[in-house]
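Chemist: Below is one structure. I have some questions about it.
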Amino acid sequence: MYLPAHFEETRTDVLHALMRGHPLATLVTCEGGALDANHLPLHLDAAIGSLGCLRGHMARANPLWRAFEQPGEVLAIFHGPQAYVTPAWYPAKQQTGRVVPTWNYAVVHAHGTLRVIDGDARWLRGQLDDLTAQQEAARPHPWKVGDAPADYLASMM
């Protein structure tokens, strides 16, 4: 990614804040020479490793989980706020006309290894609890995975 040095952010806590605030990541993979992108909500566990560990969940219907029976390299892109910037906003437009439009945005590119965990119901339930708690935290009466009937959860998991 093109990144001018004056826009680069290296503070892990700031990068993690963007990832938490915008958890729907674009997960880019390359399988058999073909690029693919999936959009998945990811949960950041900052306590694992020096940069943290991202965890997510995908539907069984998504072929991605079968494509990575062996760990593989991936890129997770977290998209933060973005906006077009018109030259009309700059005083220099009236003074010299030497302005051009631009686009301001905040993103985090997280590189790592995708590892699929299949068949571990306890891990999956913990992951679903974490993802749900992350998204429900700001609600006055957060919904919890355990609020759904156990037989229904079992069929959905």
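Chemist: Kindly indicate the residue of region 1-28 that is out of contact with any Leu (no Cβ under 7 Å at 6 or more places or on another chain) and among the β-branched types (Val, Ile, Thr) and also least open to solvent (accessible area, probe 1.4 Å) among those meeting that condition.
Modeler: My answer is Thr26.
Chemist: OK, next. Among the candidates Leu44, Leu51, Leu75, Leu18, which residue alone is in contact (Cβ under 8 Å) with a residue 24 or more places away in the chain, more than 18 Å from Leu124 (Cα to Cα) and in contact with a helix residue (DSSP H, G or I) (Cβ under 9 Å, 6 or more places away or on another chain)?
Modeler: Step by step, each of Leu44, Leu51, Leu75, Leu18 is checked, and only Leu51 is in contact (Cβ under 8 Å) with a residue 24 or more places away in the chain, more than 18 Å from Leu124 (Cα to Cα) and in contact with a helix residue (DSSP H, G or I) (Cβ under 9 Å, 6 or more places away or on another chain).
Chemist: Looking only at region 29-41, which residues are open to solvent by 70 Å² or more (accessible area, probe 1.4 Å), assigned to a strand (DSSP E or B) and either free of Cβ contacts under 8 Å to residues at least 12 places away in the same chain or within 20 Å of Gln70 (Cα to Cα) (or both)?
Modeler: Cys30, Glu31, Leu35, Asp36
Chemist: Additional query: Name the residues in region 102-136 that are free of Cβ contacts under 8 Å to residues at least 24 places away in the same chain, part of a loop (DSSP other than H, G, I, E, B) and open to solvent by 70 Å² or more (accessible area, probe 1.4 Å), would you? I'd like the intermediate steps shown before the answer.
Modeler: Residues of region 102-136 that are free of Cβ contacts under 8 Å to residues at least 24 places away in the same chain, as a first pass: 102-104, 117, 119-120, 122-123, 126, 129, 132-133, 136.
In the following step, the residues that additionally are part of a loop (DSSP other than H, G, I, E, B) were identified as 117, 119-120.
Across region 102-136, the qualifying residues are Gly119, Asp120.
Chemist: Follow-up question, since we're still on this one. Filter region 78-103 down to the residues that are touching a helix residue (DSSP H, G or I) at 6+ places or on another chain (Cβ under 8 Å) and of a type in the set (A, V, I, L, M, F, W, C), then identify the one that is nearest to Leu18 (Cα to Cα).
Modeler: First pass over region 78-103, keeping only residues touching a helix residue (DSSP H, G or I) at 6+ places or on another chain (Cβ under 8 Å): 78, 80, 87, 93, 98-101.
Among the residues that remain, those that are also of a type in the set (A, V, I, L, M, F, W, C) are: 78, 99-100.
Details: Phe78: 8, Val99: 30, Val100: 28 Å.
Looking at the filtered set, the residue picked out is Phe78.
Chemist: Still on this model: Could you grab me the full set of residues in region 138-157 that are open to solvent by less than 70 Å² (accessible area, probe 1.4 Å) and either of a type in the set (Lys, Arg) or not in a loop (DSSP other than H, G, I, E, B) (or both)?
Modeler: Val145, Gly146, Leu153
Listed here are the residues, each with its yes/no results for (1) part of a loop (DSSP other than H, G, I, E, B); (2) polar (S, T, N, Q); (3) modelled with pLDDT of 95 or more; (4) under 23 Å from Ala138 (Cβ atoms).
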{"residue": "Gly49", "(1), (2), (3), (4)": "yes, no, no, no"}
{"residue": "Arg55", "(1), (2), (3), (4)": "no, no, no, yes"}
{"residue": "Gly80", "(1), (2), (3), (4)": "no, no, yes, yes"}
{"residue": "Gly97", "(1), (2), (3), (4)": "yes, no, no, no"}
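The values are calculated or read from the model by the stated rules, or taken from the named source; none is laboratory data. Since this is a predicted model, take the numbers as computed values, not measurements. In this analysis, Cβ positions are derived from the backbone assuming ideal geometry, glycine residues included, and neighbour counts consider all displayed protein chains. Each accessible area value is taken on the protein alone, full model and side chains, heavy atoms only, with ligands, DNA and RNA left out. Shrake-Rupley method; radii C 1.70, N 1.55, O 1.52, S 1.80 Å.
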